[in-house]
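Since the structure comes first, as C-alpha cells, the remarks are kept for the end.
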Amino acid sequence: MAEQNSEQSRPTEERPEPTGQPSRRRFIIIGLVAVLVVGALLFWWHSTFYEDTDDASVDGHLVQISARINGHVAKVNVNENQYVEAGTVMVEIDPSDYQTAANQAQANLEAAIANYEATRVNVPVIDINTGSSLNNANADVAGATAAVGQSERQLEAATARVTEAQANATKAKLDLDRYTPLVQKDIISKQQYDAAVAAAAAGEAGVAEAQANLIAARDAVRIAHDRQLQAQSSLKYAQTAPQQVAIQRAKADQAEGQVDQARAALAQAKLNLDYTAIHAPLSGIITTKSVEPGQNIATGQALMTLVSLDDVWITANFKETQLRHMNVGQAVTIRVDAFGRDFDGKVTQIGGATGSVLSLFPPENATGNYVKVVQRIPVRLDLTDPQQNKDHLLRPGMSVEPKVRVK
C-alpha cells in the first residue's frame with residue numbers, strides 16, 4: 001500500500017508531443033508565404049514589364065464590291081462565304097450595248113484619222129501653191145505696171161499724131177483754098193489743083209485715123225489700169241499665203257485633236273466593255289452578297305463584300321494609363337480566343353485620338369458635370385511572321401488578348 005501511495009504522490013511526467021506535426025505546419029506556412037511572394041513577384045513582373053487588354057479584335061480590309069457601269073446582270077459566279085482568288089470574275093454584265101458602243105467608237109476613230117491625214121497632207125500643198133501664187137502675182141503686178149506705162153506712152157504718141165495730122169490737114173486745106181482761085185484763073189495747072197484736093201482729103205483722113213488711134217490708145221490705157229488693179233488684188237490675196245498655211249495647219253491640228261478625242265472615246269468604250277466583268281480585286285471570302293442573275297444594277301450599287309484574309313492586323317484598345325511605356329516596335333504576344341493559340345506580333349501604330357473622340361457623337365463636357373473616365377486609345381498590332389496565319393485562321397472581328405512587353 002505504501003508503494004502504491006508513493007507512486008501516486010509522484011508528479012506526473014509530461015508526455016512528449018509528436019515531432020512531425022509542428023514541422024509540417026511550418027512547411028505549409030512557409031510554402032504559402034513563398035507562393036504569395038512568388039505570386040507578388042510575378043504580378044510585379046507582369047505589371048511592370050507587360051501591358052495587356054481583352055478589348056482587342058482582329059481587323060482586316062472589307063472591300064465593298066460595286067458596279068462601275070449600269071447594266072443587266074447576266075451571270076453571278078460566286079456564292080455566299082465562298083473563297084475567291086484575286087482576279088476571279090465574280091459578276092458578268094450583259095456586254096451587248098457596250099460592245100456596240102466600242103464598235104462605234106472604233107469607226108469614229110478611223111474616220112477622224114482619215115480626216116486628219118487629208119488635212120495634214122494639204123498643209124505642204126497649200127504652202128507650195130500659195131508660194132507660187134505669190135511669185136506669179138508679183139510678176140503680174142510688175143507686168144501690168146509696165147503695160148500701163150507702155151500704154152500711156154502710146155497714148156502720148158497717139159495724141160501727138162493727132163496734133164500732127166490736124167496740122168497737116170489744116171495746111172492741106174489752106175493750100176486747097178489758095179489753089180482754088182488760081183486754078184479758076186488758070187494760074188496753076190489742073191494737076192496741081194487736084195494734088196491739093198487730094199492732099200486736103202488725105203489730111204482729113206489722117207486726122208480721122210489719128211483720132212481713132214488716140215481713142216484706141218486711151219482704151220488700152222484703161223485696160224492696162226484695170227489689169228494693174230486686178231494684178232494688185234491678186235497680189236494682196238497671194239500675200240495672205242502665210243495665213244492660209246496657218247489656217248490649214250490649224251485645221252490639221254483640230255483634226256489631230258479630234259483623233260485624240262476619238263481615241264479617248266474608244267478607250268472609255270473599251271473600259272466600259274471591260275467593266276462588264278467584275279473581278280475580285282484581292283483574295284478573300286464573299287459575304288453579304290445581294291446580286292442575282294437578271295437583276296438591273298446601277299453605277300456604284302453595292303453587290304457584295306469581299307473580306308481579305310491575307311492582310312489582317314489587331315486593333316487593341318488600351319487604357320491611356322497603359323501607354324506610358326508603350327512604343328512602336330515593341331514585341332507582342334497575341335492570344336486568340338477561338339483557337340487558344342498564340343501569334344507573334346509587334347506594335348505598329350498608336351492611335352491619334354481616343355475611341356470616344358472618334359465616335360459618331362463625341363462627348364460634350366460644356367455643362368460642367370464632368371466625370372473623369374479612363375479613356376482607351378486604339379493601338380495597331382501587326383504579325384511579325386505572316387506564315388503563322390498562312391492557313392487564314394484569323395478572321396476580322398475575332399476576339400484576341402494581346403500582351404505587349406513594354407520593358
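No value in this document is a laboratory result; all are computed from the given coordinates. Every value quoted in this text rests on a predicted model; they were computed, and no experiment measured them. With ideal geometry, Cβ positions are generated from the backbone for all residues, glycine too; neighbour counts draw on all protein chains shown.
Some points to look at:
- 4 °C / 1.567 mPa s Stokes-Einstein diffusion coefficient of the stretch 169-310, Kirkwood radius on C-alpha pairs, µm²/s: 49 µm²/s
- Distance (nanometres) between label positions extended 7 Å along Cα→Cβ at A302 and Q254: 5.0 nm
- FRET efficiency estimate (nearest 0.05) - Cβ-Cβ, K372 to N81, R0 51 angstrom: 0.70
- Taking label positions 7 Å along the Cα-Cβ direction at both K319 and D97, the computed distance is 6.0 nm, reported to one decimal.
- Normalising the average separation of contacting C-alpha pairs (under 8 angstrom, six or more residues apart) by the number of residues puts the relative contact order of the stretch 100-261 at 46 percent.
- Label-to-label distance, nm, for residues given as N138 and V33 (7 Å Cα→Cβ offset): 12.4 nm
- For the stretch 276-335, applying the loop criterion from DSSP together with a ceiling of 10 other beta carbons within 10 Å to the trypsin sites (Lys or Arg not before Pro) yields R324.
- Note on the stretch 100-261: Lys pairs 8 or more places apart or on different chains, Cα atoms under 27 Å apart, count 5.
- Among the listed pairs K75/K270; K319/K390; K75/K390, those with a Cα-Cα distance over 23 Å are K319/K390; K75/K390.
- Between H279 and V89, the contour length at 0.36 nm per residue exceeds the alpha carbon distance by 68.0 nm.
- q = 0.21 Å⁻¹, the stretch 100-261: log10 I(q)/I(0) [Debye, one scatterer per Cα]: -1.14
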